[in-house]
Every structure is written in C-alpha cells, then in structure tokens.
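In what follows, a structure is listed as structure tokens, so that the remarks can point back to it.
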Amino acid sequence: MTSYNDFVIRFANVNGSGSASANSMFAKALFRMGIPVSTRNIFPSNIAGLPTWFDVRVSERGYLGRREGVDLMVAMNAETFEEDVAALREGGYLLYDSSAGLNPRLYRGDVSEIGIPIAKLLLPEFQDPKQRQLFKNIVYLGALSALLEIEFDVFTNMVSAQYKGKDELIQPNIHAMEIGRRYAREYLECPLPIRVRRSEGVGDRIMIDGNTAAGLGALYGGATVCAWYPITPSTSMAEAFEKYANQLRIDEETGQRKFAVIQAEDELSAMGIVIGAGWNGARAFTATSGPGVSLMTEFLGLAYFAEIPAVLFDIQRSGPSTGMPTRTQQSDLLACAYASHGDTKHPLLFPSTPKECFDFAADALDLADRLQTPILVLSDLELGMFDTLSEPLTWDDARSYDRGKVLSADDLDRVETFGRYLDVDGDGIGYRTLPGTHPTKGAFFTRGTSRDEFAAYTESPEAYIANMDRLQLKWKTAAALVPQAAVSGNDNKAGIIFYGTTELPMQEALDRLTENGIRLDTMRLRAFPFGVEVYEFIESHELIFLAEQNRDAQMRTLLSIEGDIDPTRIISVLYYGGLSISADTIHDQVLQHYEETSRPRLTEVKS
Amino acid sequence: MTFVAKPKVHHPKLRVNEIGLTRRDYEGSVSTLCAGCGHDAVSAAITQACADLAIPPHKFAKISGIGCSSKTPSYFLGNSHGFNSVHGRMPSVSTGANLANRELYCIGVSGDGDSASIGLGQFAHIVRRRINMLYIVDNNGTYGLTKGQFSATSDKGSTNKRGLPILYEPIDLVSMALQIGASFVARSFSGDRQQLIPLIKAGLMHRGFSFIDVISPCVKFNNHNGSTKSYEYVRGHSESFVAADYVMPHEEITADYGPGEREEVTMPDGSRLCLHKLDDAYDPYDRISALAHVQTAQQQGEVVTGLLYVDPDAADCHEILETVDTPLNSLTETDLCPGSGALEAINQSMR
C-alpha cells in the first residue's frame, strides 16, 4: 500500500563527516516541494568521530512533533549499525553501504534491505580521499531521490544555489547525486511504497531555527549591546545577532557599527556587562543555558532589587549540572522564576515557535525597559537549534520602542520632587534617570542594598517593607503586560496545559485522544506571571493535565505557589529523557489516567 | 567620621574652575569610613582632580564593587550617577556602562579583595579589552569591611594585627596590568597627594584603560608594625622613577623637579602629560622594563610609585570594535531597526 508524505527517516552518520549539510539538504528539498517537515538532530557533545543521528519527520497532516519509531534508516555508521537496525519499525527500510556486504547476524526478516555499494561507486570517480568520504552522503541523496520520488531538479537547484560562485564544487556534487540516482533506478525497486509528492502543506512558511529567529528579534527590538559566553545550545543565538548586525546595523557613511558584541570571559561577566549597559540606557541581552543561569544568579538578584533592565535568553538543555549538553529539556523554570537569594521573582516568556522567538525577543526588550527588571526568555535546545517550519517573521514599521519611564533633562527641570524609587503612578514602577542627563538634578546611587524612595541607604524596617511591597505591586503590573496564555476550547470538562516546545506534538496527541473518545481543551502558557485567564482555565475544568519536559513538574509547582492551587488538582504528564516529548507519551499518559481512574469519556462535555 | 552635615556655604575666595565651579561642587556626602582611613584621602584627591579638569560633574559615572573602598564613590562627585554593584564584578558593569555611552568619564573604584581575589578574572579581562576608564584600587592589604582578614595583595611574611604571618605569595595588580598590556599603569600612595592628583587627572584624560594602584592604609586592621601597607612602612620604603604632572591646555608648566630628563606628551585635547624622570635609566614607554623594575623592587621590599608606563597612542575598546561615535544609548529606531523590507528578504532566504 502506497503512502505519501508520511514517514520518519533517520540518517545515522559519524559526526564531522559532512553529513549535516547533506541531511539538511534532504529536508530542505522536501520543504521546497511544499511538504511539511520537521528536523531534529541527536549530536554528541564532541567535535568529530562520534555518532550523530538526523531525523526528518515528513507529515502531510502537519504533525511536527517527534514521533517514535523509524521508517527508513540510512545507516552510514558502522559503530551504531546494530542499534540502528534495531530502531527500525516492522516493515521499515534499511539503506546502507553494501560495499563490504552485510553481517548476516544483523539480518531482520521484517524489514527490507536497500544495499548500495556507495564506497565502491565512488572509487573510480574521485581520487581525493576527502572527497570520497564527503560524497558518500551525496550519493545516498541521489539514491533517495529515486527511492522516494523526490524531484531531482529541486536537489540540483539547491546545490547550484548553495555553491554559487564556487562552480568547481557544483559539478562534482551533482555528479555524485547522479551516481546514486542511477544506481537506484537500475538495481533497486523504485519508488518505494513510502514516498513523497508535491504538496500545498507548507504555504508561505519559512524554515528557520529558533535561535536565529531570536537573534533577529533582538536586532529588530533595538538591542545595541550583546555580551555572552559560549555554551551549547545558546551560542548560535548570539552568533546570529552578530551576523545580522554586521549586515544590517552598519552606518552607511562611516562603516562603523551601531552595536557592540563582547564575548565575555565567563557568564558572570556577560551578565554584568548587560546590567552595566542597561543601567546606562542601552538595550542589552545575553544568551546562555542552564549552567550559565546558575552563574548569573547573583547578578539577577542585583538587577531585580536595584531595578535595572536586562534580557536573558535561556536556551534550556538537560540538567542538572553539566547534564546532557546536546539534549533538550524544560527544567530551568524554577531556577529562573526565583533566581537569586531573598524574595525575588522574574518575568519569564515561553516561546513555542521560531516566530515567537522573534516576537518575544523584541517584546522582552520593551518589557525590560518598561518594568525595569530582568526578563528571561525560556527557549530550549529543540526550538533553538533545529530547523523547523515557522510562520514568516513580521515587523510593523510603525512600531516604536517602549523605553519605559526615563526622565530627560527637561523633565527634571519641570519635576518638583525626583525620587528614583518613588511610586508616582501607582503601578509600582518609579522613574529613572540616565547618567550624564542633568548638571544638578537626577543623580542617584544604584546599589543592591536596601534604600528609601530617594535612593538613600537605609535599614529602616518601614522603608524596606514599603520597597518590597512596591516590587510586589510592580509584579501585578507585569502580569497585565506579558503575553497572555493561548486558550482553545471551553466545552470540555478536562483540559491540558503546556508551554514551549511541548506544543509541537500536541495537536497530534489531541487528535489521537479524540479517536479514543477523550477530548481536551488546551491552554498554552506564554509567560509568567500568570494572568487571570490562566487561573480561570484551571478553575473551570474538573480535570487538568499539565504536560512538561522535566522530572519535578516545575510548572505545576509554579502554578500552585503563585495561584494558591492545590497541586493534586493538576495531573502531570512528564517526559525528561532529553529527546523532544512525543505525541505518544502525551497520549499514553493521559489515557492511562483515564483508565486508572475509570473515568468516563464520551460523555465528558460540560452541560 | 561625623554625623554632622557639611555646611552649604564655602569660603568666598575658594578657587573657581573654568566652568565656574568650586571644589565643593565635586564633593559627595560625608564619609562613614574610619578617621584616618587612606581611602578618604583618595576620595579627596579624586574630588580635587575632577574640579581641576573642569569637566561638568554629571559627565562622570562612578562604579564600584563591595568593600570599604567601594563605598567611597558616595563621598565624591555627588552630582554624578553611581553604581555600587557586587563583589568583584565592577569591571563587567563598567564595561557595559562604557559601551552604552562612550562620552562619559568612567571612574571605577575597587579594593584589593574586590580586584585581586574574587575579581581577579574580571580585572584581567577588562585590561585586555582596553575599556576607556580610570580604574583605581584602594590597596590596604586587608579586608576592612569584614574586619581584618588577609588579602591577596598582602606581602608574604608580613603579619596581621594578631601577629600571624601571611603564608601565600602576593598578587601584584600593577605587574598584572603591565603584563597584559594596559596602556597607563601607575602606583601611588594615599598620603602623597602631590603625586596622586596629577596621576588621576592624567588617567582620566588618557584614552584607554588607566590603572592606579593606590596604597591606602587601613588604620583599623593593617597599620601596625609588621604590615607592609602601613603609613610608616610605605613612607619608608617607596621609591619613584618618574614624576608626572598633568597640565591643562592653557596652563603654564610650573612644577620643577630639579635635574633629570623631562618629556611632554600632548593629549588629543591639547593638555600635556609631563614626565620627569627621576632615574635616567627608567623608560616609562618600555612595558617590559617597567615590569622588571617593579618586580625587582618588590623582591627587595620596596614599593615603586609614580607613573610606571604609558602608551598614549593605544586604541581603546570602542576603537577596536569600530563602534559609531554616537553613544549607543542614544540611537533610535531609525538607526537600529532594519525595517519590514529587510525582514521579508530574510524570510525569502529561508524558503
């Protein structure tokens, strides 16, 4: 039986062998045929020589989440060959380099073998050993074009575009592709029952990773200072900002830069630079992961208490400690929400898509200036590093930056009393002044110690309490300014809450649950502090699930603390293995709950 | 210290600078440090230097870490914004502040705990990056605010108040600054106002990272017999190779140090740094030999003071990064936002 645009293909390679670019080309070719695809990479915390796996999920229905099981395995790594064969689904296809034959011990009766003598085919064509290695990947691309009916000119156009200006690379690549394609047509059954065809599924969507989108968002949002320290998986966010800034933020006349990027000596310094810049009126951000957040924690407390704008992108990875540097997770939530000793709390944003990474990056810079506090944007490795489908990025040219409450020299001349921490407007936010503004008015001392409304040092209990209470009032103001939760459906008695990349497999999970008679309303959290809509959703549903990717159900904890909600009211659906949570996991755990509690299904509609 | 506020009136004949301000306009609030603390003399020197330079007080930004020395920015330049940050991290905050607005004069004040222990890493890297600022360490060889623990700049063999000797090797920030390549390195003594004030002026006007290690005795915890950072010890063991004087564009050179070679370096604004060599063998433009002199003297228990090294032409961080002349904090949407057209082109590149 033939199926179109519905399979998972996994490429098993040795990292550092040129496979990443070949495999991306595969995904991109399908994308250009209009077919919805999502990609994810299992790469080792290593530079070269270890196994790497690149998954492409092809889904006409637009299911972008990770799916268990592999339909077509391109097994190019002898070290992992055995486990790669085992990972195939029953009825799957094993594509491998048959130059050295196949170990009969690995023969599986329930999968089809597609052997291509790739190395042998390349020997007469290329003399350079490096080329012989690199072009292996290109040969199997050519073979796949025949096996899966991928439009060959889509591939050749991509090669021509990619190596434009380096013509001497175009011909060999196309030649290697033709070798694979020719072999497949001549010796293999083409096309396979699983195949692709042109689709309208992509529409005008783009293919981009969240870190690139976030870097662009920071640029569009007016960031001028970026200080960062390299760590997987956030490095590419800072690098994207720098790359696009060097293109788009250069003064036409002088060629000088309208931004500054500092690769700091460590994360503490990175955060200090961001805070010094924010204190002095420049929009500044840093990008890091969990271990960096731990280091930045002292400074986050300073920025909270002294009320200084700052933006931190935490591209989360598996923890604790060094954890799994190249695997995803959503386990920094509590560390970020309450970062630093004492009574602290920080607004958080939870993007789910690259477009949201872009929008929230720009919004974070506005919010930091408006609220005079650090804003933490919690992305993760899955969202940050993998190319995925996204709505195109948009910007309203009429949009201006919200610089918040900053007094100019004229303002200071008009104002009778200036107190840095005076709550003039009743929203908990004082007015600040920037260094160098006025000769005799507006100067004040910024420090992490307690102070009165005029920034004078004090240890008076009343002044301290008043200040802390004002910060709580500011928190309430924040709740009305941060992105609201996205709620869908309100007819069912049961609902599911989630945030960030847990959205990816959600539609698929919901569709399958519906087939099993289980219908759920959904609420996707987009920010912290939580708005009234969040508590209303919980209040109005008898049964609440919360799906997240950490062991300790951190979002459930946060909701119960902040909303005074009994934690037993929320049923956790958890995955924390370092891969992206799948629809299977969500479906199975929800179903299990219904079965264990003998809960009725089809009649679960609110009257 | 005193709790009596300073009177607002001042002597009618108090000298007025080129912009009509007196020294009083450059003062801060009353110090809460111990009577006789060296840091107060440093604050007074900073106050006088800034008044002499006739830079409007609000054009300074004062940044510090944590410690007795880090409290001092409250006690000078009351009309400037100040930032008392966290322990050992003043360099990063200063870096950010300078990147945001290159036109402000940035003064960073730190102590030996703040810069030679917890802050050693940040110190080294701000030197590397050549941030345009004046970095002053009030060096008393002890942790004053936490009551007298050893610091990393205490000399090996010197003793604390209870007579216990320091067991570890000392860190010399001057040597470190020289080794990493700072373009203005000096050491002075809080008790030598005549030497210190010109160094502060020159350091502020030098375009690049200026470092002054000021031995500033702690009367409470490290001024006893056995300390190498006491008033008595420093007065008895310091030697200077170069006397520096800072002369405004319109001023006459009046200082006379007697025989010995004299050189003038003209700064971009027309002011002059006059270097008077007290030792003919010493070359303040030779970084390596300066380092050797300092290290040799240290081995002999001598404290070398004065301007040790200067490179007037070195680039600062903004020049290295090639940032625009307009301060980054005053750029607007027109300067910063590439617009929807450029974004659509980017979208297209992702299709």
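Derivation of every value follows stated rules applied to the coordinates shown; laboratory data play no part. Quantities reported herein were computed from a predicted structural model and do not represent experimental measurements. Note that we place each Cβ from the backbone using ideal geometry, even for glycine, and neighbour counts take in every protein chain shown.
Miscellaneous remarks
- Set of segment A:499-521 residues, backbone N closer than 15 Å to the point 7 Å along the Cα-Cβ line of A:E595: A:513, A:516-518
- Global size of segment B:159-304 as Cα Rg and Dmax, reported in angstrom: 16.4, 53
- Partners of A:K476 within straight-line reach, counting lysines whose Cα lies under 21 Å from its Cα and excluding those fewer than 8 residues away in the same chain: A:K345, A:K405.
- Protection proxy ranking, highest mean first, for peptides A:504-511, A:312-319, A:127-134, B:30-37: A:312-319, A:504-511, B:30-37, A:127-134, where packing is the per-residue count of other beta-carbon atoms within 10 Å, averaged.
- For segment A:481-579, alpha-carbon Rg and Dmax in angstrom: 12.8, 39
- When each of A:K164/A:K243; A:K28/A:K166; B:K59/B:K277; A:K28/A:K243; B:K71/B:K156 is checked by Cα-Cα distance, pairs over 24 Å: B:K59/B:K277; B:K71/B:K156
- Dipole of the protein assembly as shown [Lys/Arg +1, Asp/Glu -1 at C-beta], most positive-end residue of B:V4, B:A177, B:H206: B:V4
- Helix B:120-129 and the longest principal axis of the Cα set of chain B meet at an angle near 50°.
- Net charge in the neighbourhood of B:S64 (other residues with Cβ under 12 Å of its Cβ; Lys, Arg +1, Asp, Glu -1) is +2.
- Neighbouring partner chain Cβ atoms per residue of B:85-91, average, 10 Å criterion: 6
- Förster-model FRET efficiency, 25 Å R0, A:D564 and A:N490, C-beta, rounded to 0.05: 0.65
- Take each residue of peptide A:220-230, count the partner chain Cβ atoms within 10 Å of its Cβ, and average: the result is 4.
- Extension gain from B:E263 to B:H250, taking 0.36 nm per residue of separation minus the Cα-Cα distance: 2.9 nm
- Only beta bridges with both residues in segment A:301-454 are counted; by DSSP, about 10 percent of them are antiparallel.
- Förster radius 22 Å - calculated FRET efficiency between B:E103 and B:R128, Cβ distance, rounded to 0.05: 0.45
- Applying the Kirkwood pairwise sum to the alpha-carbon positions of segment A:8-119 produces a hydrodynamic radius of 14.6 angstrom.
- Shielding by other protein chains, B:61-68, mean Cβ within 10 Å: 2
- Taking amide H atoms as placed 1.01 Å from N in the peptide plane, the amide H of A:R197 lies under 5 Å from those of A:N5, each 5 or more residues away in sequence or on another chain.
- Over every Cα atom in segment B:1-136, the radius of gyration and the widest Cα-Cα span, Dmax, amount to 15.3, 48 Å.
- Ranked list, fewest to most other Cβ atoms within 10 Å of each Cβ, for A:H438, B:H11, B:H293: B:H11, A:H438, B:H293
- Working note: Debye formula, equal point scatterers on the alpha-carbon atoms of segment A:1-74, no solvent; log10 I(q)/I(0) at q = 0.12, 0.17, 0.24 Å⁻¹ is -0.33, -0.63, -1.10.
- Separation of the A:E113 and A:Q263 label points, Cα + 7 Å toward Cβ, nm: 4.7 nm
- Dipole axis of the protein assembly as shown (+1 Lys, Arg; -1 Asp, Glu on Cβ), positive-most option in A:S289, A:G203, B:S80: B:S80
- Check: segment B:265-318 dipole with +1 on Lys, Arg Cβ and -1 on Asp, Glu Cβ, in debye: 80 debye
- Nearest-20 debye value, segment A:159-274 charge dipole, Cβ charges on Lys, Arg, Asp, Glu: 620 debye
- Acute angle (nearest 10 degrees) that the helix A:461-481 long axis makes with the longest principal axis of chain A, alpha-carbon atoms: 40 degrees
- The string of couplings for segment B:86-92 from the Karplus curve (6.51, -1.76, 1.60, θ = phi - 60°) is 10, 4, x, 10, 4, x, 5 Hz, one whole number per residue in order, with x for Gly and Pro.
- Cβ-Cβ FRET estimate between A:K243 and A:Q133, R0 fixed at 25 Å, reported to 0.05: 0.30
- Cα-centre dipole for segment A:373-513 with unit charges at Cβ (Lys and Arg positive, Asp and Glu negative), debye to 20: 480 debye
- Amide H within-cut-off set for B:C106, under 5 Å, with H built and near neighbours excluded: B:A61, B:L134
- With one equal scatterer per alpha carbon and no solvent term, the Debye-computed log10 I(q)/I(0) for chain B at 0.10 1/Å reads -0.60.
- Exposure here means at most 16 other Cβ atoms within 10 Å; with GluC sites (Glu not before Pro) in a DSSP loop as sites, the longest stretch of chain B lacking them is B:104-250.
- Computed helical MRE - 222 nm, the protein assembly as shown, DSSP H runs ≥ 4 contributing -39500 (n - 2.57), nearest 500: -10500 deg cm²/dmol
- The local environment of A:S318, defined by Cβ-Cβ distances under 12 Å, has a net charge of 0 under the rule Lys, Arg +1 and Asp, Glu -1.
- Calculated P(r) tail over 43 Å for chain A, as whole % of Cα pairs: 29 percent
- DSSP beta bridges confined to segment A:1-128 are antiparallel in about 50 percent of cases.
- Once C-alpha pairs closer than 8 Å and six or more residues apart are averaged by separation and normalised to the residue number of chain B, the relative contact order reads 15 percent.
- Residues in segment A:376-392 carry Karplus couplings, in order, of 10, 9, 9, 9, 8, 4, 4, 6, x, 9, 9, 5, 8, 5, 8, 4, x Hz; the curve used is 6.51 cos²θ - 1.76 cosθ + 1.60 with θ = phi - 60°, and Gly or Pro positions show x.
- Relative to the longest principal axis of the Cα atoms of chain A, the long axis of helix A:554-563 lies at roughly 30 degrees.
- Highest-first packing order for the peptide set A:573-585, B:127-139 is B:127-139, A:573-585, based on the mean count of other beta carbon atoms within 10 Å.
- Order of A:C190, B:C317 under a 10 Å beta carbon neighbour criterion, fewest first: A:C190, B:C317
- Distance between modelled label sites at A:E252 and A:Y535, nm, 7 Å Cα→Cβ extension: 5.3 nm
- Table column - 3J(HN,Hα) (Hz), segment A:273-280, Karplus curve with 6.51, -1.76, 1.60, x for Gly and Pro: 5, 4, 5, x, 5, x, 4, 9
- Using the average count of surrounding beta-carbon atoms within 10 Å as a protection proxy, the listed peptides A:375-385, A:417-427, A:333-343 rank, highest first, as A:375-385, A:333-343, A:417-427.
- GNM flexibility winner over chain B from B:T159, B:T334, B:T72 (Cα, springs under 10 Å): B:T334
- Summing +1 for each Lys or Arg and -1 for each Asp or Glu among the other residues whose beta-carbon sits under 11 angstrom from that of A:S400 gives -3.
- Taking other Cβ atoms within 10 Å as a rough exposure proxy, A:R556, A:R399 sort from fewest to most as A:R399, A:R556.
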